[in-house]
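The values are calculated or read from the model by the stated rules, or taken from the named source; none is laboratory data. Note that the structure is a prediction, hence the values are computed from the model and not measured. Quick reminder, even Gly has a Cβ in these numbers, built from the backbone with ideal geometry, and neighbours come from all protein chains shown. Areas reflect the complete protein model, heavy atoms only, side chains present, ligands, DNA and RNA absent. Shrake-Rupley method; radii C 1.70, N 1.55, O 1.52, S 1.80 Å.
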Amino acid sequence: DLEHWGLWVDAASEHEVLGALETAHEQFARFLEAHDSTCGPIGNLSVVERHPPSEEGAYDFERRPATEQERHRTLELYRWARNDLVQILEGASNAELDWVDPSRELPRWAWWHTARQMAWHCVITDSCYYLARVGIPSPEILAGLTSPLPAPATGELVDVLARSPTHVETWIERMPANREVVRDGEV
């Protein structure tokens, strides 16, 4: 539903997802309010589809062509989140951006241990990885990227964060609404 478009909970079990939904909804509502938008309460929930955790398939609703409203909402949320990220980077010190939280648990393969690395991960993920998975080239500013490390200095990172959304938004706006790609077992 468009009102809650972007609300997401990821957990190890359905029980944990449903248990975490209220907190996630409160955080989502605060995010929307910070951008002069709102969403209503969650209301009654019904599980309409289940996938095993190991499956990288798409949910049925994701297989339907994207509506113009869904595309618009996706880009609206993307712009808000990207602007928030730039503000955080610009307001933080290098010490804050490069601090590693010793209590934070990440998968062994994760390389984004600091706030700077997480911001860089966001850029690489939306501008390169996601779009590449559907056959769209990386933006020129990132075309030569072969390794995520080291993450760039703050000024360069903010510059890339300011420039890469144009590439992402252009491709999202012109992508066919019924585009479906199956690659390496992922949909």
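Using the Cβ of Pro41 as centre and a radius below 13 Å, the other residues enclosed give a net charge of -4, where K and R count +1 and D and E count -1. Kyte-Doolittle mean at least -1.0 and Cα extent at least 18 Å along the axis: which DSSP H helices of the chain qualify? Within the chain the helices that satisfy the rule are 14-34, 154-174. Values (i) 12.1; (ii) 17.4; (iii) 13.7 are given for comparison; mean projected area of the Cα convex hull in nm², derived from the coordinates here, is the one labelled (i).
With a sphere of radius 13 Å drawn around the Cβ of Leu7, what net charge do the other residues whose Cβ falls strictly inside it have (Lys, Arg +1; Asp, Glu -1)? After counting each charged neighbour, the total is -3. The simple spin-label model puts a point 7 Å past each Cα toward its Cβ; for Tyr129 and Trp109 those points are separated by 0.9 nm.
Longest stretch of the chain clear of exposed loop sites (trypsin sites (Lys or Arg not before Pro), DSSP loop, at most 15 other Cβ atoms within 10 Å, sites excluded): 109-178.
The distance from the alpha carbon centre of the range 14-62 to that of the range 72-91 is 20 Å, rounded to a whole number. By the Cα gyration tensor, the range 35-107 has an equivalent ellipsoid whose semi-axes, rounded to whole angstrom, run 32, 22, 14 from largest to smallest. Think of the range 57-187 as a dipole: +1 on every Lys or Arg Cβ, -1 on every Asp or Glu Cβ, centred on the Cα centre; then among Leu131, Ser164, Val187, Val187 lies furthest on the positive end. Rolling a 1.4 angstrom probe over the range 31-107 with all protein chains present gives an accessible area of which 50% lies on carbon and sulfur atoms. Here's the picture: a label point sits 7 Å out from the Cα of Arg71 along the beta-carbon direction, and within the range 154-181 the residues with their amide nitrogen under 20 Å of it are 165-181. GNM on the chain, alpha-carbon springs under 10 angstrom: the most fluctuating residue among Asn83, Asn44, Asn94 is Asn44. Counting only protein heavy atoms and using a 1.4 Å probe, the accessible area of Ser103 comes to about 90 Å².
Residue ranking by accessible heavy-atom surface, 1.4 Å probe, largest first, among Trp109, Trp5 comes out as Trp109, Trp5. Electrostatic bookkeeping for Glu169 treats Lys and Arg as +1 and Asp and Glu as -1; over the other residues with beta carbon under 12 Å from its beta carbon, the sum is +2. Extension gain for Val187 to Trp99 (0.36 nm times residue separation, less C-alpha to C-alpha distance): 28.1 nm. When the chain is treated as a GNM with alpha-carbon contacts under 10 Å, the residue of Glu16, Glu26, Glu90 showing the greatest mean-square fluctuation is Glu16.
Given R0 = 30 Å, the distance between the Cβ atoms of Asp60 and Leu142 translates into a calculated FRET efficiency of 0.35.
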